[in-house]
């Protein structure tokens, strides 16, 4: 019964609609456009011009400020950072930190006294993974990952931009020797070739050839130290190559890694279910044993006291497998900040970053400014830039 009522109602509606159209056509005829339909029915469209009201935008300049007075430990960026350097200019006595944004290559300066942040360049270079400075803050080595290789460029700051030249399409072990010389290596058919590139003449000169493809290079040595890449169960060998003569440089040790300071070579390696660190004086005097594991990315020598080493020490980093797992990214470290006295063989706890920051920090790319007042580093988990004031109360 309900279905019959529904069909009857629909039929009545269709008949009424058809009748209405027929009556309209009888009275007015076929319309030329749709506007006539509304006019004929008494709904005349308005000809009054419309006014678009734009949204209210606050045009006042908004200063980019960083909280550099929030205590001893400050997070300086929320952007992921590809690299950084510190400097002072002749026009201001305030210390500055310059950093490059990972992924874009934009450069920024932060005034560490006022907290003002200024964009230095607007040149976008995509896929940047690392930026490396020497002492010249207007010249930076740029690393981008392309097709499973590392493209090396050098950028120079000019006119709010970054002018770049390409140095190598397959580079590693990159370091500025001086303001005008960039050192790097290339892997060529299983052989490592070391170069020094003159940034004035734009010419590369070969420094050595070594019959291994996976090596680390200490360019500070003369001639450079060439270390085979560390592996968990294989010894690391260190050599020097001069005039086609290969010389053994350090005693081999399984899984050995290290770095070079002004007066010391620091090595560390897993041994007897722990990590051992040694400081080997450049002058050949007595080797010093360090009380904690000094990892290159987590340490910086003091600017004025060469026997002192500032280090981030993992709270759970004494296990034999920790080094291998940390470099692979398998584990995340939670670090203390400590001061190592090499001569005394002691380590002093300076701070617990987790307490100051409210969260654990996995410290990497540790550096100290030219006047020795601040430690700078990246948090490995998000690549944010941090500052630790050594003299803040």
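Here residue 348 clears all of (1) within 23 Å of the chain's Cα centre (by Cα); (2) not in a loop (DSSP other than H, G, I, E, B) except the condition numbered (1). Annotation for region 289-304: at least one member residue is farther than 24 Å from residue 393 by Cα, assigned to a strand (DSSP E or B) and touching a residue at least 40 places away in the same chain (Cβ under 8 Å). When region 93-147 is filtered for residues that are closer than 20 Å to residue 389 by Cα and either assigned to a loop (DSSP other than H, G, I, E, B) or more than 17 Å from the chain's Cα centre (by Cα) (or both), the ones remaining, listed by number, are 93, 94, 95, 96, 111, 112, 113, 114, 115, 116, 117.
Among the residues of region 230-248, none is identified as surrounded by fewer than 17 Cβ atoms within 10 Å (Cβ to Cβ), assigned to a loop (DSSP other than H, G, I, E, B) and touching a strand residue (DSSP E or B) at 6+ places or on another chain (Cβ under 6 Å). Of the strands (runs of 3 or more DSSP E) lying entirely inside region 183-224, those containing at least 3 residues that are under 18 Å from residue 236 (Cα atoms) span 215-218.
Considering only region 381-393, state which residues are within 15 Å of residue 311 (Cα to Cα) and in a loop (DSSP other than H, G, I, E, B). Once the filter is applied, which keeps residues that are within 15 Å of residue 311 (Cα to Cα) and in a loop (DSSP other than H, G, I, E, B), region 381-393 yields only 390. The listed residues are 312, 279, 251, and the only one of them that is assigned to a strand (DSSP E or B), touching a strand residue (DSSP E or B) at 6+ places or on another chain (Cβ under 9 Å) and more than 19 Å from residue 346 (Cα to Cα) turns out to be 251.
For (1) within 22 Å of the chain's Cα centre (by Cα); (2) surrounded by 20 or more Cβ atoms within 10 Å (Cβ to Cβ); (3) closer than 17 Å to residue 150 by Cβ, each residue gets a yes or a no:
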{"residue": "170", "(1), (2), (3)": "yes, no, yes"}
{"residue": "182", "(1), (2), (3)": "yes, yes, yes"}
{"residue": "187", "(1), (2), (3)": "no, no, yes"}
{"residue": "194", "(1), (2), (3)": "no, yes, yes"}
{"residue": "206", "(1), (2), (3)": "no, no, no"}
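Looking across region 276-330, the residues that are within 22 Å of residue 377 (Cβ to Cβ), surrounded by fewer than 19 Cβ atoms within 10 Å (Cβ to Cβ) and more than 28 Å from the chain's Cα centre (by Cα) come down to 291, 305, 307.
Among the criteria (1) in the same structural domain as residue 319 (by TED's automatic domain parsing); (2) assigned to a strand (DSSP E or B), the one residue 262 does not fulfil is (2).
The values are calculated or read from the model by the stated rules, or taken from the named source; none is laboratory data. Please read these numbers as outputs of a predicted model, since none were measured by experiment. So basically every Cβ, Gly included, is an ideal-geometry build from the backbone, and we count neighbours across all protein chains shown.
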